[in-house]
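Just below is one structure, and these are the notes that go with it.
The values are calculated or read from the model by the stated rules, or taken from the named source; none is laboratory data. Just so you know, these numbers come straight off a predicted model, no measurement behind them. Positions of Cβ are backbone-derived with ideal geometry, glycine not excepted, and every protein chain shown enters the neighbour counts.
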Amino acid sequence: MAEPIVHHRSPQFYAVVAEVEEGLKFLFQTKNEVLILVASGTGAMEGAVTNFLSALEMALKDLGYPVALGAGVKAAELVFSS
């Protein structure tokens, strides 16, 4: 408990992160890249949705809003710039 704090931009911190990533690869039995999110579950969900939406934003614009209105849901139309 009386150890000095390891700064998040120090070589020691990068070494710890690399070790943790390798441990996670073993834990999940993968050779693929493992991502560590420094966020709450909400932050992880936001990241997932944001990346998902970029690929499907036209489908959401063309289908999601009219379907929501048809179901009687109060919805705001999403407007994406081209």
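Kindly indicate whether Val67 is modelled with pLDDT of 90 or more, out of contact with any strand residue (DSSP E or B) (no Cβ under 8 Å at 6 or more places or on another chain) and not in a loop (DSSP other than H, G, I, E, B).
In short, no.
For every residue, the table says whether it meets (1) surrounded by 10 or more Cβ atoms within 10 Å (Cβ to Cβ); (2) in contact (Cβ under 8 Å) with a residue 40 or more places away in the chain; (3) hydrophobic (A, V, I, L, M, F, W, C); (4) in a loop (DSSP other than H, G, I, E, B).
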{"position": "Pro4", "(1), (2), (3), (4)": "no, no, no, yes"}
{"position": "His7", "(1), (2), (3), (4)": "no, no, no, yes"}
{"position": "Ala15", "(1), (2), (3), (4)": "yes, no, yes, no"}
{"position": "Ala18", "(1), (2), (3), (4)": "yes, no, yes, no"}
{"position": "Gly23", "(1), (2), (3), (4)": "yes, no, no, no"}
{"position": "Gln29", "(1), (2), (3), (4)": "no, no, no, yes"}
{"position": "Ile36", "(1), (2), (3), (4)": "no, no, yes, yes"}
{"position": "Gly43", "(1), (2), (3), (4)": "yes, no, no, no"}
{"position": "Gly47", "(1), (2), (3), (4)": "yes, no, no, no"}
